[in-house]
Structure formats: structure tokens, C-alpha cells
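Undergrad: Below you will find the structure I want to go over with you.
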């Protein structure tokens, strides 16, 4: 059994977002993304589905032409080939569950 302490893995940088691969399998990948307030991942399409789960903080998530402000405990899904982005309102930590792993 593999276990993770996400509190210990969470780290922030004033100069750029921090992204850490947590788990990679044949079916999916899990990444931890940490953004300081004001940092952004501009909307862009990707070739895979992803589900974002907000661990802490608040951000505006863009999926296609829709925007939603999410906080801790919230989750949003973005299908493949649809533009998606994140604009952090408060210091933010998010888990991304991506389809199509790489192991």
C-alpha cells in the first residue's frame, strides 16, 4: 500500500506555480498543483479529461466558456479538448485526476 501526506507535499513559490506528480498508472495520473494568490494557469485545451479537487484556498476555474469560483472541498470536471484554466484568488492547492496514464 502506498500512502501520501498531502500537507507535507504542498509547497508554494512566489515566482511560479508548483506542480508535483503524485501517482502515475496505466489508467490515470494524479498531480498536486499549488498556486499563490493571483497566479494563473491560462485557459488552454488538453487532450485528456481531468477532474480537479480543491484541497484548500479559492480559485476561479474555467471550463469551456463557463467560469465557477470553487473553494475547499469542491470539485470540477473538464472533458478532453475543452479549454480549461485556473486563476487563484487565495493560496490554492488542488489535486488533478487525469485520464490516460503513462506507466
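This table checks each residue for (1) free of Cβ contacts under 8 Å to residues at least 40 places away in the same chain; (2) surrounded by 16 or more Cβ atoms within 10 Å (Cβ to Cβ); (3) more than 26 Å from residue 5 (Cβ to Cβ).
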| position | (1), (2), (3) |
| --- | --- |
| 29 | no, yes, no |
| 44 | no, no, yes |
| 54 | no, yes, no |
| 59 | yes, yes, no |
| 73 | yes, no, no |
| 78 | yes, yes, yes |
| 81 | yes, no, yes |
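Undergrad: Just to be sure, is residue 20 farther than 23 Å from residue 83 by Cβ and surrounded by fewer than 17 Cβ atoms within 10 Å (Cβ to Cβ)?
TA: Yes, satisfied.
Undergrad: Provide a single number: the residues in segment 1-27 that are in contact (Cβ under 8 Å) with a residue 12 or more places away in the chain and closer than 14 Å to residue 97 by Cα.
TA: 8
Each reported figure results from applying straightforward, stated rules to the coordinates on display, with no laboratory input. The structure displayed is predicted, hence computed values, not measured ones. Here the Cβ is made from the backbone with ideal geometry for all residues, glycine too, and neighbour counts use every protein chain on show.
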